[in-house]
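The structure under discussion appears below in the form of structure tokens.
The values are calculated or read from the model by the stated rules, or taken from the named source; none is laboratory data. Since this is a predicted model, take the numbers as computed values, not measurements. Note that each Cβ is placed from the backbone with ideal geometry, even for glycine, and that neighbours are counted across all protein chains shown. Side chains included, ligands, DNA and RNA excluded: accessible areas come from the protein's heavy atoms. Shrake-Rupley method; radii C 1.70, N 1.55, O 1.52, S 1.80 Å.
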Amino acid sequence: MNTATLSNTAKEVLHDLSPYLIEYTDGTIERFMVTQNVPPSPDDPTTGVASKDIMVSSPEVKARLFLPKLTDSNQKLPVLVYYHGGGFFVESPYSLFSHCYMNILAAEAKALIISVEYRLAPELLLPIAYEDSWTALQWVASHVIANACIEKDEWVTKHGDFGKLYIGGDSAGGNIVHNIVLRAGVEPLPGDVKILGSFLSCPYFWGSKPVGSQSKEDLNGFAYKVCVGSVLIIFFIFILTRMESNGG
């Protein structure tokens, strides 16, 4: 990684992950790619899906909910808790891309979707994203408990079918799904709610240590030869290395 000094800021660069961000030795982080966020909509003109923003765990964990058009005011729908991609360090449920994708998915699947806003690295390293994602899933499951100590959401309470609870995600979100499923296997969800199924779209997996017969040279070689210029792969290795150095 580059350890040069930027002439215009006179700050020493610790890690240069351009074009996404630069981390300086004084702990500050400069982000270059700003997510284009869009507001929720009570009635998407293309899909008819309604959306709204809620706070799961103030102020750290939030979500955007997507409710497709109903055939009945009391209609029950499958529940999908979704985790966005972005290498653990970019993207959001509020971005134009994610918002449009969730509108289409909710309309086609006829499912109530809770798209989770988890906290990002490198400001907050893993396992923070895993913990935030688990907290969001616990919040959703807690809606089956009559006197749960949460602020329940009307859409989830009225329209969620908890016999059909799914989780899914793309890229880094797929990685989160993998970890959530493992955790749910040993740590019951509130109300003993079960995950009926999960899907991992183009899941984002990497590691800082060789696996099996793989050498350290193979690990780096693959990242640079097969994924030439892939800052995402380099960033994943960077996150894992930082976790290990911090005792994570």
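Of note:
- Segment 3-82, accessible surface, carbon-and-sulfur percent (1.4 angstrom probe): 52
- 3J(HN,Hα) along segment 70-85, derived from phi through the Karplus expression 6.51 cos²θ - 1.76 cosθ + 1.60 where θ = phi - 60°, amounts to 9, 8, 8, 5, 10, 4, 9, 10, x, 10, 10, 8, 10, 10, 6, x Hz, with x in place of Gly and Pro.
- Rounded to whole Hz, the Karplus (6.51, -1.76, 1.60) HN-Hα couplings of segment 174-191, x for glycine and proline: x, 4, 4, 4, 4, 5, 5, 4, 4, 5, 5, x, 10, 10, x, 7, x, x
- Residues whose amide H lies under 5 Å from that of residue 84, counting only those 5 or more places away or on a different chain, are 116; hydrogens are built 1.01 Å from N in the peptide plane.
- Within-12-Å neighbourhood charge of residue 21 [Cβ basis; K, R +1; D, E -1]: -3
- In Hz, Karplus ³J(HN,Hα) per residue of segment 133-145 (6.51, -1.76, 1.60; θ = phi - 60°; x = Gly, Pro): 5, 5, 4, 5, 5, 4, 4, 4, 5, 5, 5, 7, 8
- The residues of segment 65-145 expose on average 34 square angstrom of accessible surface per residue, using a 1.4 Å probe on protein heavy atoms.
- Between segment 131-159 and segment 178-214, the alpha-carbon center distance in angstrom: 21
- Top positive-direction residue, dipole computed over segment 6-123 with Cβ charges, set 71, 28, 100: 71
- Ordering 85-98, 67-80 by mean Cβ neighbour count within 10 Å, with the highest value first, yields 85-98, 67-80.
- For residue 209 and residue 28, the difference between the fully extended length at 0.36 nm per residue and the C-alpha to C-alpha distance is 62.4 nm.
- Percent RCO, i.e. relative contact order, over segment 1-107, from Cα pairs under 8 Å lying at least 6 residues apart: 19
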